[in-house]
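Novice: Handing you this structure, nothing more for now.
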Amino acid sequence: MADDLSTLDGIIGALYDSISGPAGVERDARRFRSLFLEEGARLIRTTLGEGGAAFPAVMGVDEYLSAAGEYFRSHGFYEREIARRVERFGHVTHALSTYESRRDEADPEPFSRGVNSIQLFHDGRRYRVVTIFWDAERPDNPIPAEYLPR
């Protein structure tokens, strides 16, 4: 688990790995929680409401685990990073992480793609996720070329 925390590649890889797996298999909630600030971390999904109006669905870590756990009981879900852009200043790191989601690892095409905006704090030894804010690709919201693999 130390590799999950000490490098940017490690913590972002652990984020995707900890939510990925076949239907009906319980995800490692302890590992997932260990990636975040102990207090105040947020996961924010962009959601489209009636008439296409966008709004943020804000969750704490445990709220996310509960909601995602319901989905994972009946759906396979494998998410992986396909591109990343990073900016750093002091102890603050911001990663724009483009992802693809599949229902099975062997699926030839993803059922969804999008971009995670991940804010992380580095205390000099390890990273902690502060916020993940994401939006999915849609016909009216294509992923810009600069956020795709080169």
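Novice: Under 7 Å between Cβ atoms, at least 6 apart or on separate chains: pull out the pairs that start in the stretch 137-149 with a residue that is free of Cβ contacts under 8 Å to residues at least 40 places away in the same chain and end on any residue that is surrounded by 14 or more Cβ atoms within 10 Å (Cβ to Cβ).
Specialist: Going by the 7 Å Cβ cut-off, the qualifying pairs are GLU137/ARG113; GLU137/GLY114; GLU137/ILE143; ASN141/ASP135.
Novice: Any residue at all in the stretch 54-70 that is of a type in the set (Val, Ile, Thr) and either at positive phi or in a helix (DSSP H, G or I) (or both)?
Specialist: Within the stretch 54-70, one or more residues are of a type in the set (Val, Ile, Thr) and either at positive phi or in a helix (DSSP H, G or I) (or both).
Novice: Can you tell me which residue among ALA53, ALA67 is small (Gly, Ala, Ser) and within 22 Å of PHE32 (Cα to Cα)?
Specialist: ALA67
Novice: Follow-up. Return yes when ALA29 is exposed (fewer than 14 other Cβ atoms within 10 Å of the Cβ) and of a type in the set (A, V, I, L, M) and no when it is not.
Specialist: no
Novice: If you go through the stretch 101-150 one residue at a time, how many are among the acidic types (Asp, Glu) and surrounded by 13 or more Cβ atoms within 10 Å (Cβ to Cβ)?
Specialist: 3
Novice: Kindly evaluate GLY69 against the criterion of being at pLDDT below 95 and either within 18 Å of the chain's Cα centre (by Cα) or among the basic types (Lys, Arg) (or both).
Specialist: It is true that GLY69 is at pLDDT below 95 and either within 18 Å of the chain's Cα centre (by Cα) or among the basic types (Lys, Arg) (or both).
Novice: Name the one entry in GLU87, GLU39 that is within 23 Å of GLU146 (Cα to Cα) and either among the basic types (Lys, Arg) or more than 14 Å from the chain's Cα centre (by Cα) (or both).
Specialist: GLU87
Novice: Only one of these is touching a helix residue (DSSP H, G or I) at 6+ places or on another chain (Cβ under 6 Å), surrounded by 13 or more Cβ atoms within 10 Å (Cβ to Cβ) and not in a helix (DSSP H, G or I): THR46, THR93, THR98. Name it.
Specialist: THR98
The values are calculated or read from the model by the stated rules, or taken from the named source; none is laboratory data. Keep in mind that what you see is a predicted model, and the values were worked out from it rather than measured. Please note: Cβ atoms are built from the backbone with ideal geometry, for glycine as well, and neighbour counts cover all protein chains shown.
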